Amino acid sequence: MSEVVRLTLVSHAMTDATAAGRFPTDEPLNALGHRQADAAVELGVIDTAYCGPEKRTRQTAELLGVAATVEPRLADLDFGSWRGGVLGGVPPADLALWLTDPGRAPHGGESVIDVVDRVRRWLDSLAPVRGRLVAVTHPAVIRAAILVALDAPPKSFWRIDIAPLSRTVMHFRGQAWTLRSSSGG
C-alpha cells in the first residue's frame, strides 16, 4: 500500500476586495481577515507548507503560524484589465462570456482552463512528496484543485463556493487525488 499525501488547501482570510465584490489586486487582509485568522483553529502537524505569492495569502499563513514557501503556481486567477474593478463595472456580455466559456478571458488575464491547467501541474509535482502538506491560497486555485481531483469539467468551476479561511482536504494515493472534505471558514 502506498503512503498517502494529505493536502489541506486553506483559502485566505477576508480582504476589502472580497468584502466589496471587487476583482482583487495584491491587497492585504482587512481587519476582519486578521480577526478570522487569529481565531482559526490549529492546522496540526505540517510537514511542508506553501502559499501563493500575494500579500493576502502570505499574511494568512503567517497569522495561522505556518512557515510557508511561496509557490507561484498558487497565485490567484489573473483578472487582467478587471483587476481592482467591481463586478458591476464589467460589460454584461464580457462577464457572461467569462462565466460560461471556461476557455475565454475577455479581461486579458487567465481563462478558467488556464488556471485549472496551472493547478494540475502543481498537484502533479506533489505526487512524489509524502506527508501532511498545507497550501494557503485563493478560492480560484482551490476550485481548480477540486475540479482536478474530481476530473470535473472546467465549466463547473463557478459552481464551487469557497469561503474565506475555509479548508479543503485532498489525499493522493497511488495515481489520483481524492477530495476528502471541505469545511467553511
Fraction of antiparallel bridges per DSSP, the chain only, in percent to nearest 5: 55 percent
Relative contact order computed over the chain (Cα-Cα under 8 Å; 6+ residues apart), in percent: 32 percent
Theoretical gain in end-to-end length, L97 to R35 [0.36 nm per residue, Cα-Cα removed]: 18.7 nm
Region 17-111 shape via C-alpha gyration tensor axes, a/c threshold 1.5: prolate
Solvent exposure of the chain as accessible area per residue, Å², 1.4 Å probe: 48 Å²
Inter-centroid distance (Cα atoms) of region 88-150 relative to region 1-49, Å: 17 Å
Among V169, V10, Q36 - extreme Cα towards positive end, dipole of the chain, charges at beta-carbon: V169
Computed [θ] at 222 nm, deg cm²/dmol, the chain (DSSP H ≥ 4; -39,500 (n - 2.57); rounded to nearest 500): -9500 deg cm²/dmol
Rounded if a/c under 1.5, otherwise prolate or oblate - the chain, Cα gyration tensor axes: oblate
Förster-model FRET efficiency, 22 Å R0, R132 and E27, C-beta, rounded to 0.05: 0.15
Region 137-185, accessible surface, carbon-and-sulfur percent (1.4 angstrom probe): 49 percent
Gaussian network model of the chain, springs between alpha carbon atoms under 10 Å - residue of V45, V141, V112 with greatest fluctuation: V45
Global geometry of region 144-185, whether rounded, prolate or oblate, following the gyration tensor of its Cα atoms and the 1.5 cut on a/c: oblate
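The values are calculated or read from the model by the stated rules, or taken from the named source; none is laboratory data. Because the structure is a prediction, the values reported are computed rather than measured. Ideal geometry is used to build each Cβ from the backbone, glycine not excepted, and the neighbour counts take in all protein chains shown. What goes into the accessible areas is simple: the full protein's heavy atoms, side chains included, and nothing from ligands, DNA or RNA. Shrake-Rupley method; radii C 1.70, N 1.55, O 1.52, S 1.80 Å.
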